[in-house]
Amino acid sequence: MHKVEIPAYVTEHVVARRGVEHVYADLDPARTALIVVDLQNGFMMPGVAHALCDTAREIVPNVNLIADAVRRTGGKVFWIKNTHDEGCLTSWSHFHQDLTRPERRAARVESMSEGKLGHELWADLEVAPEDEIVQKTRFSAFIQGSSDLEARLRAQGYDTLIITGTVTNVCCESTARDAMMLNFRTIMVTDGNAANSDAEHNASLIAFYLTFGDIMDTQMLIGCLEKNARFREAAE
């Protein structure tokens, strides 16, 4: 698991700007969705992964705990699957041709195409029948043309998003930043995201926390979900 280090000056800056350390601690569980980004064999299974992130396997228990809490308190879980299709090679040609070596490109295509073992969700994830599976074709699930996640969330009345998955500083942060700019309240989970190093993980969390949204660990987040669910139930 990552060693999370958020410098005191970052928290001080956040409090000075927002007035509180955790602006979304009062989230409404019934309007909250858990977004699980790219926890697939293509990033987690040795010998199959095209871009292995060992730490991603370590966050699975926390993701399962959060998913259970979200369901119990009235929210919903969305499992995001990084997906390659042939259109990506032309519509995202700069990434595939300029920023990726040919052998890496071929490995990604093989791993992330539908029907391949790499495309499947990690087997230890506890996916419930009422959850939804969403395929995305870019790092961010929200950028134009990547997926229909935004439309699904809007249609079901979710305005607060919890971001977990891998890797913290690429697909997770890209999705989280775009979520905020589409006017979703957005929380990144400090021990529910995984990167290839502590340095990359912490840099991503710090950048997000300073400007884009909130960060919480698993236990704090579950506590907020359960407390607010009880409060709203008592008020009805």
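If you take the residues of segment 1-31 that are aliphatic (A, V, I, L, M) and in contact with a Ser or Thr (Cβ under 9 Å, 6 or more places away or on another chain), which of them is farthest from residue 72 (Cα to Cα)?
6
Please specify each residue of segment 143-180 satisfying the condition of being surrounded by 21 or more Cβ atoms within 10 Å (Cβ to Cβ) and either acidic (Asp, Glu) or without any contact (Cβ under 8 Å) to a residue 24 or more places away in the chain (or both).
Matches in segment 143-180: 146, 173, 178.
Need the failing condition index for residue 128 against (1) in contact (Cβ under 8 Å) with a residue 60 or more places away in the chain; (2) under 16 Å from the mean Cα position of the chain (by Cα); (3) outside any helix (DSSP H, G or I), just the number.
That leaves (2) as the condition not met.
Do we have residue 186 as closer than 20 Å to residue 59 by Cβ, under 15 Å from the mean Cα position of the chain (by Cα) and buried (at least 19 other Cβ atoms within 10 Å of the Cβ) here?
Yes.
Keeping to segment 113-138, report how many residues are out of contact with any Asp or Glu (no Cβ under 9 Å at 6 or more places or on another chain) and either open to solvent by 20 Å² or more (accessible area, probe 1.4 Å) or closer than 25 Å to residue 186 by Cβ (or both).
Here the count works out to 15.
Residue by residue, here is whether (1) assigned to a loop (DSSP other than H, G, I, E, B); (2) of a type outside the set (Val, Ile, Thr) holds:
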| position | (1), (2) |
| --- | --- |
| 134 | no, no |
| 139 | yes, yes |
| 145 | yes, yes |
| 155 | no, yes |
| 176 | no, yes |
| 186 | no, no |
| 206 | no, no |
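Identify, by number, the condition in (1) open to solvent by 30 Å² or more (accessible area, probe 1.4 Å); (2) in contact (Cβ under 8 Å) with a residue 60 or more places away in the chain; (3) within 21 Å of residue 11 (Cα to Cα) that residue 211 doesn't meet.
With (1) open to solvent by 30 Å² or more (accessible area, probe 1.4 Å); (2) in contact (Cβ under 8 Å) with a residue 60 or more places away in the chain; (3) within 21 Å of residue 11 (Cα to Cα) applied to residue 211, the lone miss is (2).
The values are calculated or read from the model by the stated rules, or taken from the named source; none is laboratory data. Given the structure is predicted, the values throughout are model-derived calculations rather than measurements. Please note: Cβ atoms are built from the backbone with ideal geometry, for glycine as well, and neighbour counts cover all protein chains shown. The accessibility values were calculated without ligands, DNA or RNA, using every heavy atom of the protein model including side chains. Shrake-Rupley method; radii C 1.70, N 1.55, O 1.52, S 1.80 Å.
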